[in-house]
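Here the structure comes first, spelled out in structure tokens, and everything after it is commentary.
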Amino acid sequence: MVEKSHTAGLWPSLYEPFKAVGSRMADWLAPASDASVGDDAYTITMELPGVEEGDIDVSVSDGVITVKGEKSATREDKGDTWYFSERQYGAFSRAFRLPQDANGDKVAANLKDGILTLSVPKRGPDEAPSSKVKITKG
């Protein structure tokens, strides 16, 4: 008969506080976002202060729009008797599933004053994606 050690149940409880650290870090680095719908388009806005246009990648694949980038902001203040420096670095990624009537092929992106605005037009009734199913004999 194998006897259980008293520490066997201890490891999972020690691990618990660290279990969600990765997701908490991702949430901290993930930019704040808003999504809205209008008559002709869907709009997604994201706060990206200090992020340059060249450090942002927007892609659409399989009905999902993904925004990835790298934050690297530095702030430095000096006075006669004091000095303050603050830096933020890290990669971020946000993904949004597009509704079926969204036209992911025509996404427009605009970055102004640290706000990235994505506009995804809606498909018209005649633009709805469809595919014909071939019927085989036998």
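The values are calculated or read from the model by the stated rules, or taken from the named source; none is laboratory data. This one's a predicted model, so the numbers in the text were calculated from it and none came from an experiment. Neighbour counts are summed over all protein chains in view; Cβ atoms, including those assigned to glycine, are modelled from backbone coordinates with ideal geometry.
Kindly check whether there is at least one residue in segment 72-83 that is over 17 Å from A32 (Cβ atoms), surrounded by 11 or more Cβ atoms within 10 Å (Cβ to Cβ) and touching a residue at least 40 places away in the same chain (Cβ under 8 Å). Explain how you work it out, then say what you get.
First pass over segment 72-83, keeping only residues over 17 Å from A32 (Cβ atoms): 72, 74-83.
Adding the requirement that they be surrounded by 11 or more Cβ atoms within 10 Å (Cβ to Cβ) leaves 72.
Add one more test, that the residue is touching a residue at least 40 places away in the same chain (Cβ under 8 Å), and what stays is none.
The answer is no; no qualifying residue exists.
Quick check on this structure: which one of L48, L111 is of a type in the set (A, V, I, L, M), out of contact with any strand residue (DSSP E or B) (no Cβ under 6 Å at 6 or more places or on another chain) and farther than 29 Å from P125 by Cα?
Values: L48 fails: out of contact with any strand residue (DSSP E or B) (no Cβ under 6 Å at 6 or more places or on another chain).
Going through L48, L111 in turn, the sole match is L111.
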Residues of segment 38-54 classified as surrounded by 14 or more Cβ atoms within 10 Å (Cβ to Cβ) and at pLDDT below 90, total:
2
